[in-house]
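Throughout, read-outs are computed from the coordinates displayed, never taken from laboratory work. A quick note: this is a predicted structure, and the numbers were derived from the prediction, not measured. Note: ideal-geometry Cβ built from the backbone for every residue, glycine included; neighbour counts use all protein chains shown.
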Amino acid sequence: MATAASVWAKGPKLYRLSVSRPQATRRFSENGDKGWLRSLFVHKVDARKDAHSNLLSKKETSHLYKIQFHDVKPECLEAYNSLEAEVQNKLHQDQDYPCEVVGSWNTWYGEQDQAVHLWRYTGGYPALTECLQKLRTNKEYLEFQKERAKMLHSRRNQLLLEFSFWNEPTPRPGPNIYEMRTYYLKPGTMIEWGNHWARAIKYRQDNKEAVGGFFSQIGDLYVVHHFWAYESLQSREETRNSAWLKDGWDINVFHTVPLIRSMECRIMIPIKSSPLQ
């Protein structure tokens, strides 16, 4: 088909079909579609010149974090929480182990009958290795592992670094509920994610809801975990809605959404021994 007209043959004669065209294309409004279209091209991300772990993590500390996900048999959850708390307290207080429990929770909404534990290793990978070597010869801990295994369906973990622009997770009083938002990013987008959230985090500090932000190093890769604390689900809704009233929050959301492959949200309740209450 021609662009201005269509021509075809029928017997010995030629016929021409005229096609009308609008005389002018639709114009974008200055403050509407044109502004939206321009926003697609204004952001520029510099090429990577280093590993994202070096560019995004805190330089002043050498903390390494481990997050554990334990899927517990429903009938064992209460006994599991008691046993886990007992062992965590011993490790937390033992100066020979360079590790500490940051927080422990049961999932309320999300994966059911699940426990989530966040550990901090002061000294990075050497501290993690030291702890593992000592635990292999700790008879009490080995007995704990055997007993715990009877209570679990499955377990998995990840090693994490913390984003440099997030708060350092510190103990806080309760009662609070915690939200862990997990983002599975497209490979190669971690630097861009960090660039945007370094600006976006300022919009989420009014109620001191920001607990910590981490990205994976070992385990599932290109995974981000954001931890938030709220007084209640109603407080969560009000706090999140208030962010949309601030000029600039919507732009950060607009730029980060295309970086995400998938995401999930857990609402969690701290167990009694958790430093984060």
Practice prompt. Would you mind finding the one in Gln145, Gln217 that is of a type in the set (S, T, N, Q) and exposed (fewer than 14 other Cβ atoms within 10 Å of the Cβ)?
Written response: Gln145
Discussion item. Can you tell me which residue is nearest to Ser273 (Cα to Cα) among those in segment 149-200 that are in a strand (DSSP E or B) and aliphatic (A, V, I, L, M)?
Written reply: Ile177
Worksheet, complete the sentence: Subset of segment 133-147, residues assigned to a helix (DSSP H, G or I) and either touching a strand residue (DSSP E or B) at 6+ places or on another chain (Cβ under 8 Å) or of a type in the set (Ser, Thr, Tyr) (or both), comes to Tyr141
Worksheet item: Mind checking which residues of segment 196-225 are among the charged types (D, E, K, R) and touching a strand residue (DSSP E or B) at 6+ places or on another chain (Cβ under 8 Å)?
Response: Arg204, Lys208, Glu209, Asp220
Discussion item. Among the residues in segment 122-135, are any touching a Lys or Arg at 6+ places or on another chain (Cβ under 9 Å), among the basic types (Lys, Arg) and without any contact (Cβ under 8 Å) to a residue 60 or more places away in the chain?
Written reply: no
Worksheet item: Is there a residue being hydroxyl-bearing (Ser, Thr, Tyr), under 17 Å from Ser104 (Cβ atoms) and crowded, with 16+ Cβ neighbours inside 10 Å anywhere in segment 153-174?
Response: no
